[in-house]
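Trainee: One structure coming up, written as structure tokens, with questions to follow.
The values are calculated or read from the model by the stated rules, or taken from the named source; none is laboratory data. If you're wondering where the values come from, they're calculated on a predicted model, not measured in any experiment. Reconstructed Cβ throughout: ideal geometry from the backbone, glycine too, with neighbour counts over all protein chains shown.
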Amino acid sequence: MKDWEVVADNLKKAGWSVGWVSALDVEGRTIWIVDAHGYGKRFIVRADEILTAFVELQSAIHEFAVSLKVRDLKPKKEPQAGKKGIPVRPVDSLNPQPLPPGRKIQ
């Protein structure tokens, strides 16, 4: 298995749809276009070599994934009742569905 195939296989295993194609540019040089889409995002990379294209694609997806993890790690502020019209209803920690009005957490 070639190095670029390993990268493509890893991306597929991670849930990304991956595709690639070679083409000739206006000067007759071969270029590789690699794309991946999934999780509501799409990445397209162009390079002179197929391995370079896949490594760049993997790097871009990794950056995206890290940015999601960092965003998820930031503490989230609890909405306050009455602020900006946000209704706040209690939630039971064992059952994350909002409790019906009048029911209290035991």
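Trainee: With (1) in contact with a helix residue (DSSP H, G or I) (Cβ under 8 Å, 6 or more places away or on another chain); (2) closer than 24 Å to residue 67 by Cα; (3) of a type outside the set (D, E, K, R) as the list, and residue 37 as the residue in question, which single condition is left unmet?
Mentor: (1)
Trainee: Still on this model: When the residues of region 1-21 are narrowed to those that are of a type in the set (A, V, I, L, M) and not in a loop (DSSP other than H, G, I, E, B), which ends up surrounded by the most Cβ atoms within 10 Å (Cβ to Cβ)?
Mentor: 8
Trainee: Something else: Does residue 27 satisfy the condition of being more than 26 Å from residue 68 (Cα to Cα) and free of Cβ contacts under 8 Å to residues at least 12 places away in the same chain?
Mentor: Judged against the criteria, residue 27 is a match.
Trainee: Right, something else. Is it the case, given these coordinates, that residue 6 is at pLDDT 95 or above, within 23 Å of residue 64 (Cα to Cα) and touching a Phe, Trp or Tyr at 6+ places or on another chain (Cβ under 8 Å)?
Mentor: Working: at pLDDT 95 or above: yes; within 23 Å of residue 64 (Cα to Cα): yes; touching a Phe, Trp or Tyr at 6+ places or on another chain (Cβ under 8 Å): no.
For residue 6, the condition - at pLDDT 95 or above, within 23 Å of residue 64 (Cα to Cα) and touching a Phe, Trp or Tyr at 6+ places or on another chain (Cβ under 8 Å) - is not met.
Trainee: While we're on this one: So how many residues does region 22-31 have that are surrounded by 10 or more Cβ atoms within 10 Å (Cβ to Cβ) and either at pLDDT 95 or above or not in a loop (DSSP other than H, G, I, E, B) (or both)?
Mentor: Restricting attention to region 22-31, the residues satisfying the condition of being surrounded by 10 or more Cβ atoms within 10 Å (Cβ to Cβ) are 22-23, 25, 30-31.
Then drop every residue that is not either at pLDDT 95 or above or not in a loop (DSSP other than H, G, I, E, B) (or both), which leaves 22-23, 30-31.
Final tally of qualifying residues: 4.
Trainee: Filter region 32-75 down to the residues that are in contact with a Leu (Cβ under 8 Å, 6 or more places away or on another chain) and β-branched (Val, Ile, Thr), then identify the one that is modelled with the lowest pLDDT.
Mentor: 61
Trainee: I'm trying to understand the selection: among the residues of region 42-60, which are surrounded by 13 or more Cβ atoms within 10 Å (Cβ to Cβ), under 12 Å from the mean Cα position of the chain (by Cα) and part of a strand (DSSP E or B)?
Mentor: Correct list: 43 only.
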